[in-house]
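Single-structure report; data block below.
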Amino acid sequence: MDLFEISWRTVLLYGIITVVFRFMGQRGISQLNVIDLVVVLMISELAVVAIEDSEKPLLYQLIPIFILMLIEIILAYIQLKSQKLRRILDGDPVFIIKKGEIDNKQMQKHRYNLDDLLLQLRDKGIGDIQDVDYAILEPSGTLSVLEKSERKGSTSVFLLPLIIDGVIQEKHLELLNKNELWLLQSLKERGYEDVKHILYCSFLNGQFFVDIKKE
């Protein structure tokens, strides 16, 4: 393969891959789930092969890239409609620290050790676990932290969504020492008969925030 052919293939593939990733969405690298990461790696490898291998027609080498792009777009659309699929692909947030206590079982389950915890706390300017009220390990691997109010010198606010996209978040209800019956009755008193029509619902200081789906 001569220098000219390598050059024009490189420029062409650069443009095509840029367009492909634009179509796939604008999630950051830290937000990629396992499926996203696999697709990105496969597309990158296919692009390299397409640049180096001049014996096969370029169109044939582009077809697998477009197929992967189509798969990613279809999965992204299904995830918008299905919280269950989002949980399968992305995973659930995990409480590493709950009410000031470290959950060792969850840490072992997710192969997350104290060194990881302390490192991420230091990144957030927190030098002592005693200062932490809640710490949540997000599906992306980042740590969300709520400090104890007496340590911060202000009132802590920790909103747990009770309904997301029409689905009741039972784990969050348990953290509030509430149940599904309480939630349904409370919403019915406020005129919300069907949770499937609710896009987002949270609860704080006796007040509900409810956002209805826009059809």
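The values are calculated or read from the model by the stated rules, or taken from the named source; none is laboratory data. This is a predicted model, so every value here is computed, not measured. Heads up, the Cβs are rebuilt from the backbone with ideal geometry, glycines too, and the neighbour counts pull from every protein chain shown. Note: areas computed on protein heavy atoms with side chains; ligands, DNA, RNA excluded. Shrake-Rupley method; radii C 1.70, N 1.55, O 1.52, S 1.80 Å.
Look at the stretch 78-106: where a residue is touching a residue at least 12 places away in the same chain (Cβ under 8 Å) and a partner is of a type in the set (Ser, Thr, Tyr), sitting 6+ places away or on another chain with Cβ atoms under 7 Å, you get Phe95/Tyr134; Ile96/Tyr112; Ile97/Tyr134; Lys98/Tyr134. Applying a threshold of 7 Å to beta carbon distances and a minimum spacing of six or more residues, or different chains, the list of pairs starting in the stretch 54-74 at a residue that is of a type in the set (Asp, Glu) and ending at one that is loosely packed, with under 15 Cβ neighbours inside 10 Å is empty.
Of all residues in the stretch 149-169, none are more than 30 Å from Ser82 (Cβ to Cβ), modelled with pLDDT of 85 or more and open to solvent by 60 Å² or more (accessible area, probe 1.4 Å). When the residues of the stretch 171-184 are filtered to those that are at pLDDT 85 or above and open to solvent by 40 Å² or more (accessible area, probe 1.4 Å), the one that is nearest to Asn205 (Cα to Cα) is Lys178.
With the condition being hydrophobic (A, V, I, L, M, F, W, C), I'd like the helices (runs of 4 or more DSSP H) fully within the stretch 89-189 carrying at least 2 qualifying residues. Talk me through it step by step, then tell me what you get.
On the way: elements: 104-109, 114-123, 149-152, 170-175, 180-189.
In the stretch 89-189, 114-123, 170-175, 180-189 are the helices (runs of 4 or more DSSP H) which contain 2 or more residues that are hydrophobic (A, V, I, L, M, F, W, C).
Against the criterion of being part of a helix (DSSP H, G or I) and closer than 25 Å to Ile16 by Cβ, Ile74 qualifies. Within the span defined as the stretch 44-58, one or more residues are within 30 Å of Tyr112 (Cα to Cα), assigned to a helix (DSSP H, G or I) and at pLDDT 75 or above.
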